[in-house]
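The values are calculated or read from the model by the stated rules, or taken from the named source; none is laboratory data. If you're wondering where the values come from, they're calculated on a predicted model, not measured in any experiment. Because the Cβ atoms are built from the backbone with ideal geometry, glycine has one as well, and the counts that use them run over all protein chains shown. Keep in mind that these areas ignore ligands, DNA and RNA; they rest on the heavy atoms of the full protein, side chains included. Shrake-Rupley method; radii C 1.70, N 1.55, O 1.52, S 1.80 Å.
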Amino acid sequence: MPVEFIGMIGTRDVSEVRPPSGPVVDPDYTRRFALAHEEAGFDRVLIGYGSGSPDGTQVAAHVAAHTERLGLLVAHRPGFVAPTLAARTFATLDQFSGGRTAVHIITGGHDAEQRRDGDHLGKDDRYARTDEYLDILKSAWTSTEPVSHKGRFYHYEDYLSEVRPVTEPRIPLYFGGSSEAAYRVGGKHADVFALWGEPLAETAEQIASVRAAAEAAGRTEPPRISVSFRPILGRTEEEAWDRAHRILDTINSRGAAGSFVGSRRTTLPVGPDAQPQNTGSQRLLAAAAKGELHDRALWTPTAKATGAAGNSTALVGTPETVAQALLDYVDIGVTTLLIRGYDPLDDVIDYGRDLLPLVRAEVARRDADADADADATSVPGSAPAVAAVSGAR
């Protein structure tokens, strides 16, 4: 199966190591950032969500108008607009973008951030609302007759939208989270379940939890799995590690998390002493406490330095090393790789030139080998012939 690559864009130049430059909404920068991803060969770009950040659907519409192929993954928090309205909004975007829209559901992991948008539900209630919301959203996209709903959080009658998605049977749903509630709701609804970059063993445990939740929900096909990283590349291993330590020093000297989502940078606790509420950040900090370097190239000090504010673990090395590290995750069942850099625009160009082709070529080679093996075993008499050769050895 071909691997899917997702990048992440913002509307101005900013990161953990780059102070904000330009207006909060810079249309030209946003266009150049999106085009860089398209030219680099990314499949989609994630457009984040924050209580003070630009509206993601409008950013996506701007990107769609200036690109031809690039997919759009719009982060969306259930609960702030009615699910019927959200269904029409995303279906309209899907029509204008020619079927390039997907939605990334984030239930919300920080109470203070939720309250800034007027949401005062606790975590368990938020996930219960998300579950009901996604039932309605999927029904709104697929129903051909008027439908009614009366639940705990939503009540509507005779709803039928005139606008339907281009994508069949509906717009893809991505889902983020690492708690038991996230596994349960995402396991039921998600087409792709998104995780942050933990060590291989811990990631495999999470994949098993997602699949178990999907099975408990009665699904015969589990969600595909996405994992997020911050690759730090160099022409040599030494150059990559020198750059990694310069990045870490800058993060520590700035004392801020940095993000394309401005409100999280400036209004929530960040840094090595931060105590995040969300399970995903807690897990990243736990991995950092176990050691700085895991597996082939996973480096955790950047997560520790930012209080694990967002996807913050790095993969450090030459393009060949980082490609092999990404393939290690493919080997345990990951199908989607979300990568973004600390020098956002320049790193996209480097990834497209040096990293994505290596991963894609190896995945294609493996798929071709698997197809050849399948063809060989399907030929009458081929299996005994293989056995005979093995026996002769």
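Here each label is just a point 7 Å from Cα along the line to Cβ, and for residue 350 and residue 112 those points are 3.3 nm apart. Considered as an equivalent ellipsoid built on the Cα gyration tensor, the chain has semi-axes of 32, 29, 21 Å, the largest given first. Rounded to the nearest whole Hz, the Karplus-based 3J(HN,Hα) values (6.51 cos²θ - 1.76 cosθ + 1.60, θ = phi - 60°) of region 169-181 follow the sequence x, 6, 5, x, 10, 9, 8, x, x, 9, 8, 4, 5, with x at glycine and proline. Extension gain, residue 31 to residue 180: 0.36 nm times the residue separation minus the Cα-Cα distance gives 49.8 nm. Among the GluC sites (Glu not before Pro) in region 7-85, which ones are in a DSSP loop with at most 15 other Cβ atoms within 10 Å of the Cβ? Mind listing them? The qualifying sites are 68. A Förster distance of 51 Å, applied to the separation of the beta-carbon atoms of residue 201 and residue 39, puts the FRET efficiency at 0.90.
Averaged per residue, the chain has 43 square angstrom of accessible surface, using a 1.4 angstrom probe with ligands and nucleic acids left out. Loop-located trypsin sites (Lys or Arg not before Pro) in region 102-180 (DSSP state other than H, G, I, E, B) with a sparse environment of at most 13 neighbouring Cβ atoms within 10 Å: 152.
Can you count the Lys pairs in the chain whose Cα atoms are under 19 Å apart, with each pair 8 or more apart or on different chains?
Close lysine pairs under the 19 Å cut-off: 4.
Working from label points 7 Å from Cα in the Cα-to-Cβ sense, the residue 168 to residue 125 distance is 4.2 nm. Of all the accessible heavy-atom surface of the chain, with the other protein chains kept in place and a 1.4 Å probe, what percent is carbon and sulfur? That fraction is 51 percent. Stretch residue 373-residue 238 to full length: gain in nm at 0.36 nm per residue minus the Cα-Cα span? Here the segment from residue 373 to residue 238 would lengthen by 44.7 nm. Across region 28-44, the residues whose backbone nitrogen lies under 18 Å from the label position 7 Å along the beta-carbon direction of residue 65 are 28-36. When both bridge partners sit in the chain, DSSP labels roughly 20% of those beta bridges antiparallel. Karplus-derived 3J(HN,Hα) values for region 137-152, using 6.51 cos²θ - 1.76 cosθ + 1.60 with θ = phi - 60°, are 4, 5, 5, 5, 6, 10, 6, 9, 10, x, 10, 10, 8, 9, x, 5 Hz; glycine and proline are entered as x.
Near the amide H of residue 338, within less than 5 Å, lie the amide hydrogens of 6, 227, 228, 229, all on another chain or at least 5 residues away, with H placed in the peptide plane.
To the nearest Å, what is the center-to-center distance of region 1-33 and region 74-96, using C-alpha atoms only? Between the Cα centres of region 1-33 and region 74-96 lies a distance of 22 Å.
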